[in-house]
Amino acid sequence: TVGALIIAALILGCAVLYLRLTSRPAMTGSVVTADDRDFFAAVHELLSEAEESVDVILYQSRFYFRFPNSKSNILIADLAAAGERGVRVRAVLELAGWNVENSEANRDVWTLLRDSGVDLYFDPIDKTSHCKLLIVDGEYVVLGSSNWSYYSLERNHEANVVIRSKPVARKFREFFEDVMSESGREYSAPVRRVAAREAAEIEGRYALIKDLPLSVAYDEGRGVGLIEFDGATVDVSGGELDRLEALYPDFFEQAAEETLRVLVRVRRDGGVALEALDIEKSDTRRAMQEKLSAEKRYIKEMPGQKRVIDWSRAARADRILPIPNERYTGEIGKLIDGAGRRVWAAMLNAVYYESTPGTARKKRAEGDLPSDTNRIAGKLEEAARRGVDVRVVVDVGGSGAPSRGEDRFLEVLGGAGAAVFVDSPETTIHAKVAVVDEDYTVIGSTNWTYHAVEENNETAVIIESRDINEHYAEYIGARIAESRPYAP
């Protein structure tokens, strides 16, 4: 009947509309790799040429007062210079109660940049933003494993990509806006602040400095603490904290980074708590700004740098899929399920859990696995058993031995016939990269740990490109060649 035809047409029209709304076209773009030492040059180039906007989320940012002209100093100065020339610069820095040292170092960067036209935020204290994300002019995206620190820029093995794609940049800007909306503009101290005049009332205390000085001596019995810097020894017993400046007139200018916060360990109710003593002086901030200005002058005087990003030679990606936060496990799981030839990975951490970590915040359903990383391990195990070439190399730190969770992860894979390796204590594989077959690469900030795949803010992508896949297959192969086979 006519009525039935009309209803059928309406249903068909709704179905077509539904498919158009829900099926997203694949994002494409050009991709340049920026691994190991290449990362600094690529980011410096992008920041120096930024015209409209810079958005950045940094887990770890470092400005080294003792090491002028260091690479992370230059990148921090690049942000300041961009803000001063009218580029809209927004930065979200990591703040965490569980990692006071990192929070305090990020606070130095916040102090340096807040007078340079940079819009600064700290992420929520109960949320770890482990991202290393940079978005420039709404078109360029840099992500991967490199922090803005000495070890990442100078020593570690790192894996990063620079993506030129407005749709991808738009997607990651949405992620940035979400993180920024939950963040605050002020530094929320991970430990309680204590005025200097209150310090004498704290019993059984000794001072800790966020950046280690030359030496620190403690005598709990006498309540005495001595902190030795280059050229000065400061007595922090009794009420001397009120007189630091008098003890050493140039102290605040010569050791600015060490005087912003003093952390005081206090015995209370049978336990030990950390409290914070602010001893920042006006000349500390001035000295910091002078050091930042010196870095910006150095950048202007630097010899001409050879261009490192050549878009005419960039790899063309047939598909780029952002997989931030909880999307990571499901998407990489699909790739492993469909793998027919190989799955290779180089990871800082890969952990199999016997139980969910005690620090977990998420509620788990009864019978659920302790962590989604166990699910990743299970899929790799299945792939190895069906004949896929599975190779995984993990970093084991200076000890040269994996943790129990890493040990178990490697045991599961090795038992299925996968080739598993651990790096040497002399090297650090800080990368988080995997290749699947000949076309797919997974790269970003996401370790294979509970907090990374289930609770942190993380940024990663899947890139469909034979050229990028081939590059990272060679990269992972080189890391394996430097490592040794895992032995339980």
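Can you give the charge dipole size of the range 23-83 about its Cα centre, rounded to the nearest 20 debye, using +1 on the beta carbon of Lys and Arg and -1 on the beta carbon of Asp and Glu? Please list the in-between numbers first.
On the way: 5 positive and 9 negative charges, 68 e Å.
Charge dipole, the range 23-83, about its Cα centre: 320 debye, nearest 20.
With +1 on each Lys and Arg Cβ and -1 on each Asp and Glu Cβ, how big is the dipole of the range 296-389 about its Cα centre, in debye rounded to the nearest 20? Provide the component values of the computation, followed by the final result.
Numbers: 20 positive and 13 negative charges, 140 e Å.
With only Lys, Arg, Asp and Glu charged at Cβ, the dipole is about 680 debye.
First measure r as the distance between the Cβ atoms of Asp318 and Glu154, then evaluate 1/(1 + (r/R0)^6) with R0 = 35 Å and state the FRET efficiency to the nearest 0.05.
Efficiency at R0 = 35 Å is approximately 0.50.
Treating the beta-carbon of each Lys and Arg as +1 and of each Asp and Glu as -1, no other charges, what is the dipole magnitude of the range 367-434 about its Cα centre, to the nearest 20 debye?
Numbers: 8 positive and 11 negative charges, 45 e Å.
With only Lys, Arg, Asp and Glu charged at Cβ, the dipole is about 220 debye.
Choose one of Phe67, Ala80, Trp110: the residue whose Cα lies farthest towards the positive end of the charge dipole of the range 33-150 (beta-carbon charges +1 Lys, Arg; -1 Asp, Glu; about the Cα centre).
The residue sitting most towards the positive pole is Phe67.
Given 10 Å bins starting at zero, what is the percent of C-alpha pairs of the range 367-488 in each, up to the one with the largest pair distance?
Computed distribution, short to long bins: 13, 42, 40, 6, 0.
With respect to the cross-link table entries Lys334/Lys379; Lys127/Lys362; Lys127/Lys379; Lys132/Lys432, which display a Cα-Cα separation exceeding 18 Å?
Working: Lys334/Lys379 9 Å; Lys127/Lys362 12 Å; Lys127/Lys379 28 Å; Lys132/Lys432 12 Å.
Distance filter (> 18 Å) returns Lys127/Lys379.
Treating the range 425-488 as a set of equal point scatterers at the Cα positions, no solvent, please give the Debye-formula log₁₀ I(q)/I(0) at q = 0.19, 0.22 Å⁻¹.
Debye output, listed in q order: -0.85, -1.00.
Identify the residues of the range 339-372 with backbone N under 13 Å of a label point that sits 7 angstrom from the Cα of Asp126 along the Cα-to-Cβ direction, or state none.
The answer is 360-363.
Would you mind counting up the charge near Glu177? Only other residues with Cβ under 14 Å from its Cβ, with Lys and Arg at +1 and Asp and Glu at -1.
Values: positive: Arg88, Arg90, Arg170, Lys171, Arg173; negative: Asp55, Asp119, Asp123, Glu174, Asp178, Glu182.
Local charge sum for Glu177: -1.
Would you work out which of Pro303, Pro357, Ala339 lies farthest towards the positive end of the dipole of the range 291-358, given +1 charges on the beta-carbon of Lys and Arg and -1 on that of Asp and Glu, about the Cα centre?
Pro303
Below 8 Å, C-alpha to C-alpha, sequence gap of six or more: please give me the relative contact order for the range 83-134 in percent. Could the numbers behind the result be given before it?
Working: 60 pairs, mean separation 25.6, N = 52.
Here the relative contact order equals 49 percent.
Excluding residues fewer than 8 places away in the same chain, name every one of the lysines whose C-alpha is closer than 20 Å to that of Lys296.
Within the straight-line limit of under 20 Å, Lys296 reaches these lysines: Lys71, Lys306.
Compute the distance in nm between two label points, each set 7 Å from the Cα along the Cα-to-Cβ direction, one at Thr356 and one at Ser403.
1.8
Can you tell me, using C-alpha contacts under 8 Å and at least 6 residues apart, the relative contact order of the range 307-449 as a whole percent?
Details: 215 pairs, mean separation 46.1, N = 143.
Answer for the range 307-449 is 32 percent.
In the range 55-124, what percent of the accessible surface is made up of carbon and sulfur (1.4 Å probe, ligands and nucleic acids excluded)? List each step's numbers first, then the result.
Details: 1010 of 1980 Å².
The value for the range 55-124 is 51 percent carbon and sulfur by accessible area.
The values are calculated or read from the model by the stated rules, or taken from the named source; none is laboratory data. The shown structure was predicted, so the numbers you read here are calculated from the model rather than taken from an experiment. Reconstructed Cβ throughout: ideal geometry from the backbone, glycine too, with neighbour counts over all protein chains shown. Side chains are part of the model used for accessible areas, which takes the heavy atoms of the whole protein and leaves out ligands, DNA and RNA. Shrake-Rupley method; radii C 1.70, N 1.55, O 1.52, S 1.80 Å.
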